[in-house]
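Below: one structure, written as structure tokens.
Rule-based calculations on the coordinates, nothing more; no lab input. These figures come from a predicted structure and were not determined experimentally. All Cβ positions, glycine included, derive from the backbone under ideal geometry; neighbour counts span all protein chains shown.
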Amino acid sequence: MLTRRRFLVLAAMGFAAGTGGLAVGCTYQFEVNRQRRVLPGLDRPLRVVQLSDLHYGPWVHAASIRAWVRAANAEKPDLTVITGDLIESGLRLVWLKELYHAATPDLEPLLQALGALRAPLGVYAIWGNHDNGLPAVKRYLGQRLPKYGIEVLANQGLFVRDDLYLSGVDDYWAEEADPKVSLTGYRKGRASLALAHNPDFWDYYHGLPVNLVLSGHTHGGQVYLPGIGAPWTPSRYKQRYLGGWYWAGRGPAKAPITGFVSRGLGTTVLPLRISAPAELVVFDFVPEG
């Protein structure tokens, strides 16, 4: 059976052999992807920066996080969001042991780097499957992130501006995600932006008062081969949600709700991306009309 781990190992060996080992260097390159869209319910323009799938750990260190944070702040966003997988749990090395005394020291550089994020409407994060894969690390981050100015939305929502309701759910695979609870405080007629790490979870937003869901998780496949596509993705829909915009509607090419999937910034299992570049996404949302 070709698991994600086995595929990436084989791909890394082949790609590194053919390029003289350049694959590792590609991990730390990223694009700034700028998008402009109407967001119904807004009274005035809004700039949102999305970071996703940081995977801080064996391959992604604080220097990379700091570079992404600098790029995010340079865009002067009104609001900054992190759509899950702050840490890497695919390789259970010593620093990832589920003990506070093992996890705590190594997480401080991550917290300090993320603590430099600046946005007048706030910085908000949600959990991903890798965060939930290390419960002790997740608990520690959950306690410390607010002290660094980052609020975690776990089945919660709030008005960050009088015309914008922001909500977020826990990860789909944790079986604790509840979009209805996260929308409890929503008022009709206002813009509603939701954060959900895994786009497979969009099915559960159908019929709910949400204009747009931002997700990550699939990494654009992380490895995308010409003529083949992504040989493996962590989605029951295979290659459907690799990245970009998806529009609500019926039919195989439509999604249950309008959403955007970021290819993310880090990597999982191995420091390898092929034709699936890392990205920081900048949204300029404007009112209707």
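Remarks
- Among the listed pairs Lys188/Lys238; Lys147/Lys238; Lys147/Lys254; Lys188/Lys254, those with a Cα-Cα distance over 32 Å are Lys188/Lys238; Lys147/Lys238; Lys147/Lys254.
- Expressed to the nearest 5 percent, the antiparallel share of DSSP beta bridges inside the chain is 30 percent.
- Shape category assigned to region 215-289 from the gyration tensor of Cα positions, a/c cut at 1.5: oblate
- In a reduced charge model with +1 at each Lys and Arg Cβ and -1 at each Asp and Glu Cβ, the chain shows a dipole moment near 380 debye about its Cα centre.
- Correct choice for Rg and Dmax of the Cα atoms in Å that was computed from the model, options (i) 19.5, 62; (ii) 18.1, 57; (iii) 20.6, 79: (ii)
- At R0 = 51 Å, FRET efficiency that the Cβ-Cβ distance of Gln239 and Asp43 yields, to 0.05: 0.85
- Spin-label model, Asp162 to Glu31: label points 7 Å out along the Cα-to-beta-carbon direction sit 3.9 nm apart.
- The chain, relative contact order [Cα under 8 Å, separation at least 6], %: 27
- Rounded to the nearest 20, the Cβ-based charge dipole of region 139-289 about its Cα centre (Lys and Arg +1, Asp and Glu -1) stands at 160 debye.
- Three-way shape label, region 155-289, alpha-carbon gyration tensor, a/c 1.5: prolate
- Ranked for footprinting exposure by Cβ neighbours inside 10 Å, fewest first, Arg47, Arg187 give Arg187, Arg47.
- The residues packed around Arg70, meaning those with a beta-carbon under 14 Å from its beta-carbon, carry a net charge of +2 if Lys and Arg are +1 and Asp and Glu are -1.
- Summary value for region 197-289: 31 percent relative contact order, contacts being C-alpha pairs under 8 angstrom separated by 6+ residues.
- For Trp127, the residues whose modelled amide H falls within less than 5 Å of its own, excluding neighbours fewer than 5 places apart on the same chain, are Asp171.
- Distance between the C-alpha centres of region 236-256 and region 36-63: 20 Å, rounded to the whole angstrom.
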